[in-house]
Amino acid sequence: ILDRGGSVLILEKEHLLGGNSNKASSGINGCCPHNNTYDDSLESFKNDTVRSAGAVADLKLIDTLVSNSEKAVLWLQNRAHVDLSLLAQLGGHSHKRTHRPSNGMAGAEIIYQMQKAVRSFEKSGKVKIYVDTKVTQLVTEDGRVVGVTCESTLDGTVRELRAHNVILATGGFASDRSAGSYLSQYRPELMSFPATAGPFSTGDGITLATTLGAATRDMEKVQIHPTGWVDPADPSNPTKILAAELMRGVGGILINNKGRRFCNELGTRAYVTDKMLQHNEHFAKNGTWQMEDEVPTFHLVLSSSAAADGKKHVDLYTHKGLLTKVTGLDALASKMKVSKTALESTLRSYQQAAKAGVDEFGKVSFRGVPEDDLTKETFYVGVVTPVLHYCMGGIKIDEKGNVLKDDGTVIEGLHAAGEVTGGVHGNNRLGGNSLLECTVFGTIVGQKIPIKSTQKTLSTQKLVQETNTGKNAKELPSISMAELSKHNTEEDIWVAIHGVVYDFTEFAHEHPAGFGSIFDLAGKDGTEAFDAVHNQGMLEDFEDDRKGILITS
């Protein structure tokens, strides 16, 4: 909309933009961008998505998702300048088609670059961003949505904002366990499961739309992701960090408390989760979960080669204390508190299956197989548990992102994209399809909304970017570790990265991953933490915030 000369108001109830997309780490699917060398096809991608979606698959929405996937990936690369140079094959996919950065997390990179591009329009007045602002009502006139009523979450100020069109991009409801919540209405047995979604995921957009008569669909379809990390420092926390699909894609194997594998780790999320929950006796017999039962935990184990393949993720999870590095079978068995004999038997069987090309669970793709000498192999191990991850259900839309009523008619002036909508993923969402859904349907909505002004602004934005990146670097003074350590308060945050000291005092409050992630590094060398998440090229945007060169001797 901004590139086409339109004006936009962005309302965000949190203090930071990006929501759960900031956490997405495995990548974004795309078929088949110009460099396809893996014999992938739109038909194959569509078949994989339909197979995962099951009986409630909406073929029109899936076709829209798949057929626009190449454009979505290329747009993020070319317009938003997101590095998506690596390609991976995730569970449930028959080909490599999940794109991710070479040196960073997909969601964090996308949100950072998108926010940068959007904020470049602030000086011109084309975009205004209101954070800490919750929309409480959609305003209508003559049956058409013409704006919103919103409230400041800081001081309670209420205001009405008018617009020709309103787009809901408010995510799902997986973190709302309150009485009367959508989770309690549609899946009460899952109320005790932890979730990867932020606490802000409370279904606000669905409530706003249904108040106007919008239809919903598939609301009971809540995806349980098989692998959320159990933080040993805070094991009972209901909010978990996702152990990305990529961890199993590069060769991570799942092992139960008896030291045995129990599934094809590259199966769909629904399949792997089912195999996990079958460790519960009642679920194994009846196929239903009891709210009062304890959610089981398992170990995720990576060999040295698997860890090298997923280095960025492994570095991040190790830095957070979610993965532990151990050397040798004895240390691994001790860390997992399982029988060394059983664990060795499991690993040997896996090695033999890899040589044969198939295992007892039907797995035919083997990456990152442990070295023959298990006494010298380096392993990375962490505890994982099934977690509520994604709401497939939501507002009913058509292929153009129009919000629909029960009778199929359009609510004029109201549009939706992303997890707030239902139908795109059916029974089960494939990894890498969430960021794709946001980009595809967000683009469709953004391109269809009429723009009164015909002025084009894209070329101007590119010129500004090129001018900024081409400026000469200023000479910087030397800064000692002692001096750096003094700048460690909320009003004075200096961090050293790759030998350069930056003043992140202002940026910390806008950091997509939250203020704490920056403040924890105040007065310190944050290189390791930075490299675990971001591309080094991102630092080019902070030339004006450089304070000096770190002297460590």
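Solvent-accessible area of K311, all protein chains in place: 120 Å² (probe radius 1.4 Å, heavy atoms, ligands and nucleic acids excluded).
Estimated from helical segments only, the mean residue ellipticity of the chain at 222 nm is -8000 deg cm²/dmol, where each DSSP H run of four or more residues counts as -39500 (n - 2.57). Seen from all directions on average, the range 306-449 presents a Cα convex hull projection of 12.5 nm².
What you get for the chain, charging only the Cβ of Lys and Arg (+1) and of Asp and Glu (-1), is a dipole of about 940 debye around the Cα centre. Entry comment: accessible area of the chain is 44 Å² per residue, from protein heavy atoms only and a probe of 1.4 Å. Between the C-alpha center of the range 76-122 and that of the range 248-276 there is a gap of 27 Å.
State the three equivalent ellipsoid semi-axes of the range 179-237, derived from the C-alpha gyration tensor as the square roots of 5 times its eigenvalues, in descending order and whole Å.
Values: eigenvalues 143, 30, 22 Å².
Ellipsoid half-lengths, sorted descending, are 27, 12, 10 Å.
Taking Cα pairs under 8 Å and at least six residues apart, what relative contact order does the range 392-451 come out at, in percent?
On the way: 81 pairs, mean separation 22.8, N = 60.
Taking the mean separation of contacting Cα pairs over the length of the range 392-451, I get 38 percent.
Could you check how much of the accessible area of the range 139-180 is carbon and sulfur, as a whole percent, using a 1.4 Å probe?
Details: 1130 of 2330 Å².
That fraction is 49 percent.
The distance between label points at E141 and Q185 comes to 3.0 nm (points 7 Å beyond Cα on the Cα→Cβ vector). Ranking F283, A331, F173 by Cα position along the charge dipole of the chain, where only Lys, Arg, Asp and Glu carry charges on their C-beta atoms, puts F283 farthest toward the positive end.
The largest-to-smallest principal axis extents of the Cα set in the chain are 70, 68, 47 Å. Applying a DSSP loop filter and a limit of 15 other Cβ atoms within 10 Å to the trypsin sites (Lys or Arg not before Pro) in the range 182-282 leaves K258, R260.
Across the alpha-carbon atoms of the range 365-416, the computed radius of gyration and Dmax are 23.9, 66 angstrom.
For the range 13-151, taking the reciprocal of the average inverse distance between every pair of different Cα atoms yields a Kirkwood hydrodynamic radius of 17.5 Å.
Obtain the radius of gyration and the Kirkwood radius of the range 161-294 from its C-alpha atoms and give Rg over Rh.
Details: Rg = 17.5 Å, Rh = 17.1 Å.
Rg/Rh: 1.03.
Which one of L16, A57, L76 has its Cα pushed farthest toward the positive end of the charge dipole of the range 13-127, where Lys and Arg give +1 and Asp and Glu give -1 at the Cβ? Working it through, the farthest residue towards the positive pole turns out to be L16. Selection among I255, I129, G267 by position relative to the dipole of the chain gives G267 as farthest towards the positive end (Cβ unit charges, Cα centre). Absence of a disulfide-compatible partner, taken as no other cysteine beta carbon within less than 4.7 angstrom, is noted in the chain for C150, C263, C391, C438.
Normalised by the number of residues in the chain, the average gap of Cα pairs under 8 Å and 6 or more apart makes the relative contact order 21 percent. To the nearest 10, the accessible area of L388 is 0 Å² with a 1.4 Å probe. Proximity of backbone amide H atoms, modeled 1.01 Å from N, is registered between T239 and A195 at under 5 Å, excluding neighbours fewer than 5 places apart on the same chain. The listed residues W494, W75, W229, once ranked by accessible area (1.4 Å probe) with the largest placed first, stand as W75, W494, W229.
For the range 329-450, what relative contact order do you get, as a whole percent, if you take Cα pairs closer than 8 Å and at least 6 residues apart? Provide the component values of the computation, followed by the final result.
On the way: 117 pairs, mean separation 21.8, N = 122.
Reported as a whole number, the value is 18 percent.
The values are calculated or read from the model by the stated rules, or taken from the named source; none is laboratory data. Nothing here was measured: the structure is a model prediction, and the numbers come from that model. Using ideal geometry, Cβ is built from the backbone for each residue, glycine included, and neighbour counts are taken over all protein chains shown. Please note that ligands, DNA and RNA were not included when accessible areas were found on the heavy atoms of the full protein model with its side chains. Shrake-Rupley method; radii C 1.70, N 1.55, O 1.52, S 1.80 Å.
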